[in-house]
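What follows is calculated from the coordinates using simple rules that are stated; it is not laboratory data. Treat the numbers as computed from the prediction; the structure is a model and nothing was measured. Methodologically, a virtual Cβ is constructed for each residue, glycine included, from the backbone with ideal geometry; neighbour enumeration extends over all protein chains shown.
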Amino acid sequence: MIFRQYVSSGITNILAIVFLTIALLTFGYAQYFDRLFIIFLLGLILFNIHNANIISIAIIFLLERFLEEVVFFSSSYLFIKPLIYLLSLWLIKLFWYDSLIRRIILPTIIICVICEVYWYTTDYNAPKIYYYIAMMSLNIITRHLIFLRVPLFRKFQAIPRIQKIISQPLKQTAVDLPLYTLAMVNILVIVTMISEYLVRHLTSLDPLFFYSLYSEVVHLLSVVTLFFIVQFIIKSTYKINA
């Protein structure tokens, strides 16, 4: 039992370091890193099947990646644009207690809706800013899943069948706050990207500075996310139940 626990911990640490190295080497090739990040998260679950904290963190980011892929592959359908705006407004109502939503996200979405109506009435070929609204909404979900991670996943862990498998109790960890803050940073990056789009399509100006840096910035934030998760895994102390 002890040997198996240390082997599992060792494999997890090796995986963490390997994937962090790959993340740095694939800088500028975000499409490859995204797939590798999913494999890394699945590996965390596989080799830490009893660790409720690691599994819950991995599931949150797996959900984010899955929804991101759904948005990407369905973005060409006509119903997606209004659906994204409606869902984003619903999320605002759901998480209204967050000052970030009241001060930044709601004004951004209202401005985007007004612009969408203006572009539609003037037959302007509107940019696909709704895709970035979707990415912003996904970060809202991620941010609040991290915030509510312990009480939310504790309900699932209370199910007898799951409790037999995931035995380690849930608790707040040192990595929660950095991941929560990173979701906010991602939102601010997306808002900046949307702002540049609006300037470009509502005025005679043609700024492309942030547009040219966006994919690298998002990749960098993903690498930082992975770094915090890796740091948490390596620093974690695996205790043996008596």
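Of the residues Phe147, Val113, Gln172, the one whose Cα sits farthest toward the positive end of the charge dipole of the stretch 104-242, with +1 on the Cβ of Lys and Arg and -1 on the Cβ of Asp and Glu, is Gln172. Across the stretch 31-166, the mean sequence separation of Cα contacts (distance under 8 Å, 6 or more residues apart), normalised by length, yields a relative contact order of 32 percent. Ordering Phe232, Phe79 from the fewest to the most neighbouring beta carbons within 10 Å gives Phe79, Phe232. Each of Thr181, Thr122 has some number of other Cβ atoms within 10 Å of its Cβ, and from fewest to most they run Thr122, Thr181. Extending 7 Å from Cα along the Cβ direction at Leu188 and again at Leu152 yields two label points whose distance is 2.3 nm. Length gained on full extension, Val199 to Phe66: 44.8 nm, using 0.36 nm per residue less the C-alpha separation.
Listed by Cβ neighbour count within 10 Å, with the fewest neighbours leading, Ser56, Ser222 appear as Ser222, Ser56. Within the stretch 49-89, the ratio Rg/Rh, alpha carbon atoms throughout and Rh by Kirkwood, equals 1.19. The translational diffusion coefficient of the stretch 41-169, from Stokes-Einstein at 10 °C and 1.306 mPa s with a Kirkwood hydrodynamic radius over alpha carbon pairs, comes to 95 µm²/s. Given the rule -39500 (n - 2.57) for each run of at least 4 DSSP H residues, summed and divided by the residues of the chain, what is its mean residue ellipticity at 222 nm, to the nearest 500 deg cm²/dmol? After summing the helix terms and dividing by the residues of the chain, the value is -26000 deg cm²/dmol. Under the criterion of Cα pairs below 8 Å and six or more residues apart, the relative contact order for the chain equals 27 percent.
In the structure shown, do any of Lys155/Lys235; Lys93/Lys235; Lys81/Lys155 have a Cα-Cα gap over 28 Å, and if so which? Violating the 28 Å limit, Cα to Cα: Lys93/Lys235; Lys81/Lys155.
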